Amino acid sequence: MSENQLATSANSAKLKRGLHARHLNMIAIGGAIGTGLFVASGATINQAGPGGALVAYSLIGLMVFFLMQSLGEMATFLPVSGSFEEYGTRFVSPSFGFATGWNYWYNWAITVAAELVAAAIVMQYWLPDVPSWVWSLSFLALLFTFNAISVRGFGESEFWFASIKVITVLVFLVLGLAMILGIMGGDSVGFHNWTTGEAPFVNGGLGILSVFMIAGFSFQGTEMLGIAAGETEDPEKNIPKATRSVFWRILLFYIGAITVIGFLIPYTDPSLLNPNGDIALSPFTLVFERAGIAAAASVMNAVILTAVLSAGNSGLYVSTRMLYALAEGKKAPQIFARVNKWGVPMAALLATTAVGAVGFFLSLLGSGQAYTWLVNASGLAGFITWVCIAWCHVKFRRAYVAQGGDAKDLPFRAPLFPFGPLLAMLMCLVVIAGQNYEAFLGDGTFTSLLSSYIGLPMFLALWAGHKLITKSKPIQPDEADLSRAHH
C-alpha cells in the first residue's frame, strides 16, 4: 500500500471529481482576473507609464504561458490535488515538496486576506460610514459557506463569479475602444497619453521592473488548474483543453485592458494613486465615469466586488486543498486529511479561513500600507511557486525519459522543452531578485526591504528545516515515482 493510501486508509471519504470542463476553465480565469487587474492596474501605469506597464504585463504573460504548458503536461499525466507539492516530492526531493506545498498554502491563505481588504475598500464607495471590518468578515463568512457546501458548490459559485468578470472586461474593452476612437464621449483621444510627460516609459527599465511584481501578482491564479485537476472529471481531456485556452483569454483581457487604460488615463492622473501612495480608485471605474455613464461606475464597482470575492473564493479553495494534500502526504497534521461525506476537507478549510481572518485583522493597522505588505508577501510566494513548477517539469521529463518513456507518448506535451520552463524559471528569478532594487541603491528602508523579500527566507527555511529533520535525499531520475495507479 502506498504512503498516500496509508495516510487516508483510516478515512474512507475522498475528494470527489465534481468539477466539469466549464468549471475548470473559469477557475483558472477567475483566479487570475481579480484585484490585480481591476484595482492595481492603475498603479502600474502610474509607476511605469502606459508603455512600461504594457511591456511588464506582456513579459509576465509570456512567462506564464510556458509555466502553464509545464503544469498542463504534469497535471494531465498525474492529476492529483497536491499538484506541484506532489510533483516536488516525487521528482525533486521530499523536502522540496514540503517547502513548495507550505509556501503555496501560505501564499493563497494570505491572498484571501488581501482580497478581504480590497473588498472593504470597494464597499467604501457606497457606504463610507460602515467600518471596513464588518464587510470583510461578512465576505469571509460567505466564501467559507461556498467552500463548505461541496466541490460542486465551489465550482458553481466560481463559474458565475468569473463569468461576470469576463463579460465586464469584454464590455470595458468595447467601450474603451469606442472612447479611444471618439465614437463615444467626445473627440478621439489619439496617442496623447502615450506621449505626455515621460510617457510611454516612465522611470525607464527600472519602472518596468518595479511593476513586474504587480503584473505577476495579477497573473497568479492561473496555476490553480493544477490543484483543481485532482477534482476534475476526465482530466486527460479537460486539463489540456483548459491549459490551451486559458492563456490566450488572459492575455486578451490583460494586454487589452492595460492598452485601453493607457490610452484613456494619463499616468499623472491623481486618481490612480493618492498622495500617501495607496491605490485610490479603480481605473475601470474612472473610465466609466468619464464616459459620462453615472450608473456604470456603480455597476463597475459591483463587478470589482465580484472579482475580489471570486479571487478570494478560489484562493480559499486551493489553499484548503494544498493543506489537505500536505496532510495526506504526512507533511501536515493528520486532522487536515479528513474529508466529510460531501468530499470537503473541513478541518483544512477551517484552518485556512482562520489564517485569512488573522491576516485581515493585521491589515486593520493601516488599510493601504498593510494591503501592500500582504500583496508583496503573497506575490513573492507566488513567484517561488512558479519557479518550483518549472523545476519540477524539468525533473519530471528527465525521470520520464530515464525510465524508458518517450515524450511523444505523453497525454499532453509542453512545446519548446526545455527552453520554455528554463526561460520561465530564469524570468521568475529575475523578478524575485529585483523585488526591491531601490533598497540596494540606498533609497529604501530596512522595513521595505524586509516586506519585499520576506517570502524567500521563509521558503528556504522550510526546505532546509525539513531536510535537517528528515535527512531526505534528492530523487534520482531513474528512481522517481511515476506511478499513476493509486490516484
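The values are calculated or read from the model by the stated rules, or taken from the named source; none is laboratory data. Being a predicted model, the structure only gives us computed values, none of them experimental. All Cβ positions, even for glycine, are placed from backbone atoms using ideal geometry, and neighbour counts span all protein chains on display. Keep in mind that these areas ignore ligands, DNA and RNA; they rest on the heavy atoms of the full protein, side chains included. Shrake-Rupley method; radii C 1.70, N 1.55, O 1.52, S 1.80 Å.
Things worth noting here:
- Straight-line cross-link partners of residue 341 among the lysines, defined as a Cα under 16 Å from its Cα and at least 8 positions apart when in the same chain: 14, 16.
- Loop-exposed trypsin sites (Lys or Arg not before Pro) per DSSP, neighbour cap 10 Cβ within 10 angstrom, longest uninterrupted part of the chain: 1-340
- The Cα-based radius of gyration of the chain, divided by its Kirkwood radius, gives an Rg/Rh of 0.96.
- At a probe radius of 1.4 angstrom, the accessible area of the chain per residue rounds to 37 square angstrom.
- Separation of region 228-258 from region 106-173 is 21 Å, based on Cα centroids.
- Lysines whose Cα lies under 27 Å from that of residue 473, excluding same-chain neighbours fewer than 8 positions away: 330, 331, 395
- For region 199-273, the fraction of alpha-carbon pairs in successive 5 Å shells from zero, as %: 3, 12, 16, 20, 16, 10, 8, 7, 6, 2
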